Structure formats: structure tokens, C-alpha cells
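Here's the structure we're looking at; comments come further down.
Please treat every number below as a calculation from the coordinates, not as lab data. Since the model is a prediction, treat every value here as computed from it, not as a measurement. No Cβ is skipped: glycine too gets one built from the backbone with ideal geometry, and neighbour counts run over all protein chains shown.
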Amino acid sequence: MRNKSKEKIIFTLPDSLISEVDYIVQMENSNREDFAKAAFQFYITQKKKIDFKEHMIKGYKEMGQINLSLAELGMTNEVSSDDNSEGKIAQGEY
């Protein structure tokens, strides 16, 4: 089994937040350390989901513009192709 290194983090929280944490910890029969680990993990997971969603939205918007340009280009080619066909039909060359 791989040995995981640990680093101690010390930070200050407002009393109101500590009171809420302590209430939850007491209700869950847990401790502040486990609560903090779970909170960090939850935040990281949610942040990754949000970042991925924003990345996908940006990609779809960029692809939307590219697809629109390609569609417009295709329509232009179709129209000019149709013009040639109409001329040939009019001349009896279809």
C-alpha cells in the first residue's frame, strides 16, 4: 500500500460558521477534521463539474459558429449549383 503524505492546514473561521460546523458534526457524530475533509472533497468535486460544464458550453458555442459558417457556405454552393442546373434545364441539357 502506498504511503500517503499529509500536510497540516490551519485557518480561522468566523464564530457563526464554527457554530454551524459544530452543530452538524454533533448531529453526525463526527469531528471537525472529517467534516473539513468532506467539505474540501465536496467543493473540489463540484468545482470540477462546474468547470467541465462551462468548458462544454464554450465548446458548443464555438462549434455552433463554425457549423453556421459551414452551413452558410454549403447553402452558397448549393445556390450556385442550382443556378447552373436551371440554366442547363432551360437549354435542354439536363
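Please rank ILE10, ILE66, fewest neighbouring Cβ atoms within 10 Å first, as an exposure proxy. Mind dumping the intermediate values first?
Working: ILE10 4, ILE66 10.
Ranking ILE10, ILE66 by Cβ neighbours within 10 Å, fewest first, gives ILE10, ILE66.
Give the residue list of trypsin sites (Lys or Arg not before Pro) in region 1-58 that are DSSP loop and have at most 10 other beta-carbon atoms within 10 angstrom. Display every interim value, and only then the final one.
Details: sites: ARG2, LYS4, LYS6, LYS8, ARG32, LYS37, LYS47, LYS48, LYS49, LYS53, LYS58; in loops: ARG2, LYS4, LYS6, LYS8.
Passing sites in region 1-58 are ARG2, LYS4, LYS6, LYS8.
Loop only by DSSP, 15 or fewer other Cβ within 10 Å of the Cβ. Give me the GluC sites (Glu not before Pro) in region 25-60 that pass, ordered by residue number.
Numbers: sites: GLU28, GLU33, GLU54; in loops: GLU28.
Qualifying residues, ordered by number: GLU28.
Using a 7 Å offset from Cα along Cα-Cβ at GLU62, what residues in region 31-53 end up with backbone N under 15 Å from the label point?
Answer for this model: 52-53.
Between MET27 and ASP15, how many nm apart are label points set 7 Å from Cα along the C-beta direction?
About 2.2 nm separates the two model spin labels.
Can you pick out the pairs among LYS6/LYS49; LYS8/LYS48; LYS37/LYS58 whose Cα atoms lie more than 30 Å from each other? Walk me through the intermediate numbers first.
Details: LYS6/LYS49 26 Å; LYS8/LYS48 24 Å; LYS37/LYS58 32 Å.
Distance filter (> 30 Å) returns LYS37/LYS58.
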